[in-house]
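The values are calculated or read from the model by the stated rules, or taken from the named source; none is laboratory data. Every value quoted in this text rests on a predicted model; they were computed, and no experiment measured them. Reconstructed Cβ throughout: ideal geometry from the backbone, glycine too, with neighbour counts over all protein chains shown.
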Amino acid sequence: MNAGGMSSRRDGSRALLGGALALVCALAALSPMRASAQVLLVPAERDGHLADLSSVADTAATTGTSLRSHDAARDALIATHGEDPPEMSESDLARWVASSRQAVRSLARADYDSARSALAQAEAMTDRALAELNREATRSRQVLDTCLYLVRSLEETGQHSRAVEQGYACRRLVPRGEPTLTQHPPEVRAILEEVDRALAQMPGARLRVLSEPSGCAVRLNGLDFGVTPLLTEDLRPGEYRVQIECGERRGRVHRVDLTRTGAELRVDAATEAVLGTAPLRIVVPASGEIDAALVAQVSRLGRIAGATEVWLVDETGTGRRRVLSLHRIDVTRDREIAVVRTGERSIALALASLRQGRSHDWTTDRHGPSEGEAEGEGETTPTQAEEPTAAQAQARVEEQQLGVRALPPEPEPTPERVVVVTEDPERVPVSEQPPSADHTAENWVGGILIGLGVGAYAGAWGSWDYRTNYWGHRLAVAEVTDVDYLTRQSQWRDGQVLVWGLASGGAFTWALSVPLAFGPDHDVPWWSWVLGGVGLVGSGVGVAVLATTQTCSSTVRLGQPCIDAGAQQDLGFLVLAQSLPFLSFPITHLVRSVSGSDVRASASVSQDRFLIELGGTW
C-alpha cells in the first residue's frame, strides 16, 4: 500500500490521473449500491407520425427498469443543441396582429393601461415565436413597431429613462431594420435614433458561427445574417436566437448570450436533423433504416441526457397491424445491442428479450393463439388474453432458442466450521464460524450520501458559473445611477452564500459517506493513499488560490475587477471543498487499521426514525 502511494506522489500528474480513475473504479466496483442501468426511452418520428411510448413505458416501469426523465433529458438537449423552431399558426398570427392594433387604438385615446395590457399579450407571443416572426420583412417591421408602442406609452407617462431602456430592448429584438415612421410620434423616433447612435459608439460583440457542412444560412432572431462560416463583430451584448439552416428545414434555435468577449457556435447539421425536443424524439426518414450513423446520433442524445442506454421505439401500422420495434443502444459504445419486434400483447416478452440482449420477433411467435384467434373471431380483448407477468415473460424468453442461456444460481455456501484445539488434548470443541456482519443499511446510506454530495458539488459549480457570468455581467454593465443597481449588487453578493453553502454541504456529505459506503468488511485498498495525495494537492491549490485573490478596492462601484476577484475567491473555495473529502479515505482506513474492529459506523432505518451512528475507541 505505502509503496503504491509513495510512487504516485513522486509523479504529480500521474497521481492526479490515478486518483481520479481510482475514485471512479472504487465507487463503481466496491460500493455495494450497484445502480441499475439508466434507460432513456425515446420515440421515433417517421413522416410526422410519432411512436406511442405509453404501453412500453408502463410495462418497463412495472418490471423494474430505471427510466430517465424526459424533462431532464429535453432540458439537457436544449442546452447543447438548441430547441425546436417555433411554429406560429394563422390564428396565432391574427391574435398577435389584433393585440398590436388594439395597443395603437388605446394609445390614441391615452388609455395607457389598456395599451400595456394589449402589448403584454403581443410581447408574450413575440418572445415565443420571435425567430419565426422576423423571417419576413413585413412581420419583422411590425415586431419593431409593436415594441416601440411600449416605448411610446412609457414616454407619454413621464418615464423617459424606462422608455430609453425599452428602446435598447427593441433594437435587440430587431438588430437590423427600420420601423414604420408614420406609426410613431417624433419623441419615439428620437429615442430610437438616440439608441442607434449610442449602440454605434459602443464596442461590438463578436459572434462566430461554424457548421458542418459549411455554406449554411445563418439567422439571428429570424433575420438573415449570411452563411457559415460567419464572423460578425457589430452585435451588442445580449441574448440572440441563432438558427443554422442547411436546407429547406427550419433550423433549431440556439439561445446565445453574447457578452463583450463574444461567443462561438458550432453546429453539426446531421445531428440537428434527427433531434427533436417538443416532444423529445428522434426524427427518422420515412423510408430510412436505423443504421450505424443514426445509432451514433442516438448515443449522443443518451450521453447528453446522462443515460447508459437508449431504447428507441419505432412504430409502424395502426390498430391490429400496429408493430413496435424496440432498439436497445449502448451509449458508451455507440452500438446496437438488440432489436425486438412486438405487438401490443407481447410487450412484456419483448422487454424481457431486450434486457437479455436477445433479438427476437414476437409478432410471429405468439406461443399459441388465444381462444378468439383460434376460432377466427378477430382481435381478442384484454379479458381473453391477459398480458404476461414479468416472471412469466422471463420464463418464456428463456424457453426460446435465442442465444446463451442463463446459468442456474449457485448454491449458497454452508457456514465454515472451525476446529479450535486447546491445551487439553481431551477437549476439542467445535464451533461454527459466525457470518460476517451485515452492513447493507450503512452501505445504502453511504451511497445516498455520495449522490447527495455529487448533487451539491454540481449545484455549487453551476451557481458559481451563474454568479460570475450572469449576475456578475449584469453588475459590470450597470452604472451606480441605475435604479436597480443595488438590486444587482445584492444578487451578486448573495450568490457567494449559495456557492459556498453548496460546496460545504458537498464536502460534509462526501466525508461522512466514506466510513458508511466502505464498511469495515472491506480491506484497506492501496488507492486510499493515492486519493489522500490527490486531496492534499487539491487542498494546497485551493488555499493558494484563496491566498492570492485580490481584494476589491471599492465598496460602492463594483466593476469587473471586483467581479473577477469574487470569481477567483469562489473558485479557490470550490477546489478546497472538493479536495478535502479525499483525505477521509486514508484517514478512515488508517484509523481502522490501527484501532481494529472497535471503530464502527452504523445506520438503521425504521418507520419512525432514521439513525446514523459513529462510534469506537482510539
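The number of residues in region 268-293 being under 22 Å from Leu351 (Cβ atoms) and either surrounded by 19 or more Cβ atoms within 10 Å (Cβ to Cβ) or of a type in the set (A, V, I, L, M) (or both) comes to 5. Residues of region 113-145 that are within 22 Å of Leu181 (Cβ to Cβ) and over 36 Å from the mean Cα position of the chain (by Cα): Ala115, Ala118, Ala137, Thr138, Arg141, Gln142, Asp145. Answer yes or no: is there a residue in region 177-198 that is within 25 Å of Gln243 (Cα to Cα), touching a Pro at 6+ places or on another chain (Cβ under 9 Å) and either without any contact (Cβ under 8 Å) to a residue 12 or more places away in the chain or part of a helix (DSSP H, G or I) (or both). Within region 177-198, none of the residues are within 25 Å of Gln243 (Cα to Cα), touching a Pro at 6+ places or on another chain (Cβ under 9 Å) and either without any contact (Cβ under 8 Å) to a residue 12 or more places away in the chain or part of a helix (DSSP H, G or I) (or both).
Looking at Tyr112, Tyr168, just one residue is surrounded by fewer than 22 Cβ atoms within 10 Å (Cβ to Cβ) and touching a strand residue (DSSP E or B) at 6+ places or on another chain (Cβ under 9 Å), and that residue is Tyr168.
Of all residues in region 229-270, those satisfying the criterion of being more than 24 Å from the chain's Cα centre (by Cα), modelled with pLDDT under 90 and not in a strand (DSSP E or B) are Arg236, Pro237, Cys246, Gly247, Glu248, Arg249, Arg250, Arg260, Thr261, Gly262.
Report yes if Val497 is loosely packed, with under 14 Cβ neighbours inside 10 Å, assigned by TED's automatic domain parsing to the domain that holds Pro581 and modelled with pLDDT of 85 or more, otherwise no.
Taking the combined requirement at face value, the residue satisfies it.
For region 48-70, the criterion of being part of a loop (DSSP other than H, G, I, E, B), touching a Ser or Thr at 6+ places or on another chain (Cβ under 6 Å) and at pLDDT 85 or above is met by none of the residues.
The selection criterion, being in a helix (DSSP H, G or I) and either free of Cβ contacts under 8 Å to residues at least 12 places away in the same chain or among the aromatic types (Phe, Trp, Tyr) (or both), does not hold for Ala273. In region 125-149, what residues are over 17 Å from Ala94 (Cβ atoms), assigned to a helix (DSSP H, G or I) and either in contact with a Lys or Arg (Cβ under 7 Å, 6 or more places away or on another chain) or in contact (Cβ under 8 Å) with a residue 60 or more places away in the chain (or both)? Matches in region 125-149: Leu130, Ala131, Ser140. In this structure, does Ala200 turn out to be in the same structural domain as Arg171 (by TED's automatic domain parsing) and closer than 28 Å to Arg162 by Cβ? No. Apart from one condition, Ala122 fits all of (1) assigned to a helix (DSSP H, G or I); (2) surrounded by fewer than 23 Cβ atoms within 10 Å (Cβ to Cβ); (3) of a type in the set (Gly, Ala, Ser); the exception is (2).
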